1. Between 35, 57, which is in contact with a strand residue (DSSP E or B) (Cβ under 9 Å, 6 or more places away or on another chain), surrounded by fewer than 18 Cβ atoms within 10 Å (Cβ to Cβ), at pLDDT 95 or above and not in a helix (DSSP H, G or I)?
2. Would it be correct to say that residue 40 is in contact with a helix residue (DSSP H, G or I) (Cβ under 7 Å, 6 or more places away or on another chain), more than 23 Å from residue 140 (Cβ to Cβ) and either surrounded by fewer than 15 Cβ atoms within 10 Å (Cβ to Cβ) or in contact (Cβ under 8 Å) with a residue 12 or more places away in the chain (or both)?
3. Would you be able to tell me the number of residues in the range 1-32 that are assigned to a helix (DSSP H, G or I), touching a strand residue (DSSP E or B) at 6+ places or on another chain (Cβ under 8 Å) and surrounded by fewer than 21 Cβ atoms within 10 Å (Cβ to Cβ)?
4. When you look at residue 46, is it over 15 Å from residue 4 (Cα atoms) and at pLDDT 95 or above, yes or no?
5. Within the range 117-138, does at least one residue satisfy the condition of being part of a strand (DSSP E or B), surrounded by 14 or more Cβ atoms within 10 Å (Cβ to Cβ) and touching a strand residue (DSSP E or B) at 6+ places or on another chain (Cβ under 8 Å)?
6. Only one of (1) farther than 19 Å from residue 50 by Cα; (2) assigned to a helix (DSSP H, G or I); (3) out of contact with any helix residue (DSSP H, G or I) (no Cβ under 6 Å at 6 or more places or on another chain) is not met by residue 95, so which one is it?
7. So residue 51 clears everything in (1) under 19 Å from residue 144 (Cα atoms); (2) surrounded by 21 or more Cβ atoms within 10 Å (Cβ to Cβ) except one condition, right? Which one?
8. Take the range 98-116 and flag every residue that is assigned to a helix (DSSP H, G or I) and within 12 Å of residue 64 (Cβ to Cβ).
């Protein structure tokens with residue numbers, strides 16, 4: 001799977017760790033920055049990762065910050081993106097099963113690297129359930145296209 005990653009300075013260490021973890025698992029990582037713990041604003045990096053998914057250049061994206069909240073908001077501004085902020089495995093699984101989330105947001109100050117690995121593993125392995133959830137995704141897409 002092609003996975004775009006974007007972060008600010010507060011999410012940089014977690015992004016770096018997960019880039020190695022994902023690469024070792026056989027995924028292709030597209031790093032959209034940032035490249036250090038030097039203070040930066042997150043919108044451009046997270047939008048860049050989300051745009052890779054929207055354009056079809058990545059299958060999914062993960063965005064990181066201190067909390068992940070602002071990063072999720074930015075990603076959700078990109079047409080076709082359904083970003084979910086997940087700080088536990090259950091949220092990650094449900095974001096895929098019920099919401100067909102194509103971007104995952106996490107906070108480097110909220111989760112350990114071990115927990116982040118668990119979240120990412122479940123999130124990548126979980127499929128969209130479709131069924132009754134598809135009508136909701138269709139409604140989200142309709143709103144997105146207005």
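The values are calculated or read from the model by the stated rules, or taken from the named source; none is laboratory data. Source: prediction; values computed, not measured. Positions of Cβ are generated from backbone atoms using ideal geometry, with glycine treated the same way; all protein chains shown enter the neighbour counts.
1. On the way: 35 fails: in contact with a strand residue (DSSP E or B) (Cβ under 9 Å, 6 or more places away or on another chain).
Testing whether each residue is in contact with a strand residue (DSSP E or B) (Cβ under 9 Å, 6 or more places away or on another chain), surrounded by fewer than 18 Cβ atoms within 10 Å (Cβ to Cβ), at pLDDT 95 or above and not in a helix (DSSP H, G or I) leaves just 57.
2. Details: in contact with a helix residue (DSSP H, G or I) (Cβ under 7 Å, 6 or more places away or on another chain): yes; more than 23 Å from residue 140 (Cβ to Cβ): yes; either surrounded by fewer than 15 Cβ atoms within 10 Å (Cβ to Cβ) or in contact (Cβ under 8 Å) with a residue 12 or more places away in the chain (or both): yes.
Yes: the conditions hold for residue 40.
3. Pass one, the range 1-32, residues assigned to a helix (DSSP H, G or I): 9-24.
Within this subset, residues satisfying the condition of being touching a strand residue (DSSP E or B) at 6+ places or on another chain (Cβ under 8 Å) are 10-12, 14-15, 18-19, 22-23.
Applying the additional criterion that residues be surrounded by fewer than 21 Cβ atoms within 10 Å (Cβ to Cβ) yields 19, 22-23.
The qualifying residues number 3.
4. Working: over 15 Å from residue 4 (Cα atoms): no; at pLDDT 95 or above: yes.
Judged against the criteria, residue 46 is not a match.
5. no
6. Just one mismatch for residue 95, condition (1).
7. (2)
8. Within the range 98-116, the first condition is being assigned to a helix (DSSP H, G or I), and the residues that meet it are 113-116.
113, 116, listed by residue number.
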